[in-house]
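Chemist: Okay, here's the structure, questions in a sec.
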Amino acid sequence: MDKHIEMLGKIKSREDFINFMHLFIQTAPDSSVRSYLDALTAWAEDMDGYYNNFRKEVPKDINWDFIATLLYSGSIYE
C-alpha cells in the first residue's frame, strides 16, 4: 500500500498533512494535478502569513486528517 494511504486516519497536525501531501503529489496522474496539489501544499506550509497579512487569527482546530481524506477520496471516487 502507498505510504500516503497508510497515513489516512493518523494525520494529527499540519506537519503530518504536509508530509501526506508530498507523498500524495508523487502519485498524481498528470502535471497539472501535481501542480495544483503542490500549490495547496505550499499554501498550507505558509498559511500563517496569509492570516497575518489579513489580520485574521490562524485557525487552531483544523482537522488535517479530514482534509487529507477528502483530497485522497476525490482522486479515486467514481
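The values are calculated or read from the model by the stated rules, or taken from the named source; none is laboratory data. Computed from a prediction, not measured in an experiment: that's the story for all the values here. Glycine also receives a Cβ, built like all others from the backbone with ideal geometry; neighbour counts cover every protein chain displayed. Remember, those area values only see protein heavy atoms, side chains included, never the ligands or the DNA or RNA. Shrake-Rupley method; radii C 1.70, N 1.55, O 1.52, S 1.80 Å.
Chemist: Under 8 Å between Cβ atoms, at least 6 apart or on separate chains: pull out the pairs that start in region 36-56 with a residue that is within 21 Å of Asn19 (Cβ to Cβ) and end on any residue that is open to solvent by 100 Å² or more (accessible area, probe 1.4 Å).
Modeler: As it stands, the answer is Tyr50/Trp43, since those pairs meet every condition given.
Chemist: Identify, from the list Ile76, Ile18, the residue that is among the aliphatic types (A, V, I, L, M) and loosely packed, with under 10 Cβ neighbours inside 10 Å.
Modeler: Of Ile76, Ile18, the one residue that is among the aliphatic types (A, V, I, L, M) and loosely packed, with under 10 Cβ neighbours inside 10 Å is Ile76.
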